[in-house]
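The values are calculated or read from the model by the stated rules, or taken from the named source; none is laboratory data. This structure is a prediction, so every number in the text was calculated from the model and none was measured. Counting neighbours? That spans all protein chains shown, and the Cβs are built from the backbone with ideal geometry, glycine included.
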Amino acid sequence: MSKYDKIAHYQDFNELLTILKKSSNNYDIRKIQKAYDLAEKAHGDQRRISGVPYILHPTSVACIVAQFGMDSDSIISALLHDVVEDTEYDLGYIRKEFGKDVSNIVDGVTKISKIKLYSREEQQAENVRKMLIAMSNDIRVIIVKLADRLHNMRTIECMPEQKRRDKSRENMEVFAPIAHRLGMKAVKDELEDLSLRYLDPVGYKEIEDALLLQENERDRFIEKKKKEILRASKLPNSKITVYGRVKSINSIYRKTYLRGKTIDEIYDVFALRIILDDIKDCYNLLGVIHDLYTPIPRRFKDYISTPKPNMYQSLHTTVIDRDGIPFEVQIRTWEMHQTAENGIAAHWKYKLGFTRIVNNKKARELDANINRIKDILAAQIDTDDSTDIIRNIRNDFDQNEVYVFSPKGDVFNLPKGSTVIDLAYLIHTEVGNHMVGAKVDHRIVSIDYELNTGEICEILTQKDSHPRRDWLEICKTSSARSKIRQWFKREKRDENIIEGKMMLERELKRSNISLTDEELEKLLQFMLRKNKFNTVEDLYASVGYGGIQLWKVMPRIKEEYNTKFKPEDKEPVIVKTTPQKRRHANSGVIVEGMEDCLIKFSQCCNPLPGDDIIGYITRGYGVSVHKRSCSNIPKDLSAVEEPERYVKVYWENEINENFRSTLEIISTDRTGLLADVTIALSSMRIFIHNLNSRHIEDGRAMVTATIDVVNREHLDTVIKRLQSIRDIISIKRF
Ligand code: MN
């Protein structure tokens, strides 16, 4: 009989109540009873394959969770963990009746059950583990899931052979490593041993038999050592607990079958565990043990001063007794023992106790500890196998990643902030190129939807659909972006040329550069040489699909323009028109600290919304508003005579009033110039107050236009548009 046969396979609600009453935790029995009643009603006549009433499964899982020392909500979630999936009650109902935490845990456990967990590809298993940890923003999800899995393994006997092997494999690949990382050694050992029984029944039996053969010998040996140690320790019997420890079958299996040792060669088949009240006693007792027996060099490990990443703490040593028999000794405190067996669940228990007493520093420390451990676990550091470490560092779990799965359960790993477009291209380039939309958790979402860990995402495609240019701005990953560009490069050359040329011209205009097509081609020659393009169309096409990014190359183009193309600067001739008085019912300016004061826009600099402005309190004429850069405003306000006269003023966010502005447009003199300007302005629905043109020197003309604009951006747009008129040399705002 193996040690696992002693574990009751099914436990009922009375047994759960007994466990809860024995515990030192303060449980919400009424809420737990209510959850049980719902689960019982919901599962009704449902039965397990073995014929056992279904309700006994969630009840047993709740018992396991309670034995870990978890809180009321975890136990309630365990009772309800199959309700959403298998019965008519939905998550909304559970949330309403039992709160957000419970519905969140039940939802997490249900989702995990749907993931395709085992795959031959190791990377996939790795991803699944990472995803599960990432998903459990509430770690209780994982703990309830582990309890569920444990109970299923205890009762899997009646399942078909294939199912037993599949589940066993999942345990070895996914759940046991997670339990290990959570420091839940008891769960890890049991899951592994139960799984090994189905994966290699013969090997399992051999070890089990060998251990049974040794049982009497081992018991006698341990009794003897126990007496020797108790005597030498000089501690009262109440202060020291010594017992024999049997290694898990799976760990012996690994050492014998995988490392080619015989059972007799394994030191710690004989092993003692000593539990004490405090850390000082642990080190004292280590000294006693090393006096009593001969320590084997390099077998001593101090995991008390340097805990394992999964919080495990103990002193380990291997010694040889006078008869030449080696055995391992583990020394620890009771608290360390709890942590060693139940890992993170044990910490939950302490946290619970402390939070109840006082909401103090200790509770926060434990919180921090749990978070730290979560991070470390996620970082995949496995101290058991040092060759793994390098690979694990490379695979380092990153807070900046999300894990989502397809409706079939395949897991995909993307940078945080990734959209459904990124996922589509990650699945397959063709999926991305034909995407029309996506569903997340069965709901249609917009194309810029950002994915979250744990979501089920389905990409909708259509044969004749293709990417859109704005996807380039939406997607997050460079691989999606380059695949979209590839598509445009291949499919849309003509379009790209037009688009690229327009983009380039727009940028040039923004820099006040106006060129004919011929001049532009000349200007861009250096770009053609640099990129090995044959024609300027190649360059435009590349700009069009995003192969060349304008913001990167514009400075260089401007430089080229300035050195080779810029026309000689001539001081534009400025003709002043009579300034018009403006009446402002509502000036659009707010003066800091003053309401309803008279506002006057200065004539010297004509500030426009968007300009950096400052107010000056005049004598008797209210506040006059200047541009901060106006020559009438001193640069250094701290040095002026009456600094208190200068006040902060702001533009109101919404300005409905038009502002008048005068432009001076210098151009090569030609017929039709004034007409072109008029057409351009009226096509933009600009109100023109005044417009005239006159001949100036060097065959040039100056057009003066006084117009109404909404704000400075509007003015900039107008100027840009005017710059596109043939022969225009410069435009100045007056
Ligand atoms: Mn279940």
Item to check | Residue among ASP107, ASP90 that is over 21 Å from ARG154 (Cα atoms) and within 25 Å of the chain's Cα centre (by Cα) | outcome: ASP107
Item to check | Matching residues, the stretch 98-113, being touching a Ser or Thr at 6+ places or on another chain (Cβ under 9 Å) and not β-branched (Val, Ile, Thr) | outcome: PHE98, ASP101, SER103, ASN104, GLY108
Item to check | Scan of the stretch 528-537 for residues that are surrounded by fewer than 17 Cβ atoms within 10 Å (Cβ to Cβ) and without any contact (Cβ under 8 Å) to a residue 12 or more places away in the chain, ordered by number | outcome: LEU528, ARG529, LYS530, LYS532, ASN534, THR535
Checklist outcome for this item: Restricting attention to the stretch 16-67, the residues that are part of a loop (DSSP other than H, G, I, E, B) and more than 19 Å from THR87 (Cα to Cα) number exactly 7
Item to check | Residues (within 20 Å of SER511 (Cα to Cα), surrounded by 13 or more Cβ atoms within 10 Å (Cβ to Cβ) and modelled with pLDDT of 65 or more) located in the stretch 540-593 | outcome: TYR540, VAL543, GLY544, ILE548, LEU550, VAL553, MET554, ILE557, LYS558, GLU560, TYR561, PHE565
Next on the checklist: Looking at ARG670, ARG685 in this structure, which one is surrounded by fewer than 16 Cβ atoms within 10 Å (Cβ to Cβ), assigned to a loop (DSSP other than H, G, I, E, B) and touching a residue at least 40 places away in the same chain (Cβ under 8 Å)?
Outcome noted: ARG670
Checklist entry - Pairs under 6 Å by beta carbon, first residue in the same structural domain as GLY44 (by TED's automatic domain parsing) and charged (D, E, K, R) in the stretch 86-110, partner part of a helix (DSSP H, G or I) and surrounded by fewer than 18 Cβ atoms within 10 Å (Cβ to Cβ), six or more apart or different chains? => result ASP107/LEU91
Checklist entry - Taking only pairs six or more apart or across chains, which ones have beta-carbon atoms under 9 Å, a first residue in the stretch 291-303 that is closer than 15 Å to ASP321 by Cα and outside the structural domain of ILE320 (by TED's automatic domain parsing), and a second residue that is surrounded by fewer than 14 Cβ atoms within 10 Å (Cβ to Cβ) and hydrophobic (A, V, I, L, M, F, W, C)? => result none
Checklist entry - Which residues, taken from the stretch 106-118, are of a type outside the set (Gly, Ala, Ser) and within 13 Å of the ligand (Cβ to nearest atom)? => result VAL106, VAL109, THR110, ILE112, LYS114
Next on the checklist: Is it the case, given these coordinates, that MET131 is closer than 21 Å to LEU79 by Cα, within 22 Å of the chain's Cα centre (by Cα) and at pLDDT below 65?
Outcome noted: no
Checklist entry - Taking the condition farther than 25 Å from LYS111 by Cα and at pLDDT 85 or above, does GLY432 pass? => result yes
Checklist entry - In the list ILE725, ILE719, which residue meets the criterion of being crowded, with 16+ Cβ neighbours inside 10 Å, over 50 Å from the mean Cα position of the chain (by Cα) and under 20 Å from ARG506 (Cβ atoms)? => result ILE725
Checklist entry - List the pairs whose first member sits in the stretch 46-67 and is without any contact (Cβ under 8 Å) to a residue 24 or more places away in the chain, whose second member is within 12 Å of the ligand (Cβ to nearest atom) and of a type in the set (A, V, I, L, M), and whose Cβ atoms are under 7 Å apart, counting only residues at least 6 apart or on separate chains? => result ILE55/ALA39
Checklist outcome for this item: Per the filter on the stretch 460-493, residues within 21 Å of the chain's Cα centre (by Cα) and either without any contact (Cβ under 8 Å) to a residue 12 or more places away in the chain or over 25 Å from MET503 (Cβ atoms) (or both) are GLU473, SER478
Item to check | Residues of the stretch 688-716 satisfying the condition of being surrounded by 13 or more Cβ atoms within 10 Å (Cβ to Cβ) and outside any strand (DSSP E or B) | outcome: VAL710, ASN711, ARG712, HIS714, LEU715, ASP716
Next on the checklist: Is it the case, given these coordinates, that ASP277 is of a type outside the set (S, T, N, Q), at pLDDT below 85 and not assigned by TED's automatic domain parsing to the domain that holds ILE178?
Outcome noted: no
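When only residues in the stretch 506-522 that are in contact with a helix residue (DSSP H, G or I) (Cβ under 8 Å, 6 or more places away or on another chain) and acidic (Asp, Glu) count, which is surrounded by the most Cβ atoms within 10 Å (Cβ to Cβ)?
Narrowing the stretch 506-522 to residues in contact with a helix residue (DSSP H, G or I) (Cβ under 8 Å, 6 or more places away or on another chain): 507-515, 520-521.
Next, only the ones that are acidic (Asp, Glu) stay: 507, 521.
Working: GLU507: 17, GLU521: 14.
So, considering only residues that are in contact with a helix residue (DSSP H, G or I) (Cβ under 8 Å, 6 or more places away or on another chain) and acidic (Asp, Glu), the one surrounded by the most Cβ atoms within 10 Å (Cβ to Cβ) is GLU507.
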Checklist entry - Regarding THR678, is this residue buried (at least 18 other Cβ atoms within 10 Å of the Cβ), among the polar types (S, T, N, Q), more than 54 Å from the chain's Cα centre (by Cα) and not assigned by TED's automatic domain parsing to the domain that holds GLN603? => result no
Item to check | SER305, sole failed condition from (1) surrounded by fewer than 19 Cβ atoms within 10 Å (Cβ to Cβ); (2) assigned to a helix (DSSP H, G or I) | outcome: (2)
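For every residue, the table says whether it meets (1) surrounded by 18 or more Cβ atoms within 10 Å (Cβ to Cβ); (2) more than 30 Å from PRO160 (Cβ to Cβ).
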residue: HIS9; (1), (2): no, no
residue: SER24; (1), (2): no, yes
residue: ASP45; (1), (2): no, no
residue: TYR54; (1), (2): yes, no
Item to check | Pick from the stretch 54-96, criterion within 11 Å of the ligand (Cβ to nearest atom) and among the charged types (D, E, K, R), ranking: farthest from GLY343 (Cα to Cα) | outcome: ASP86
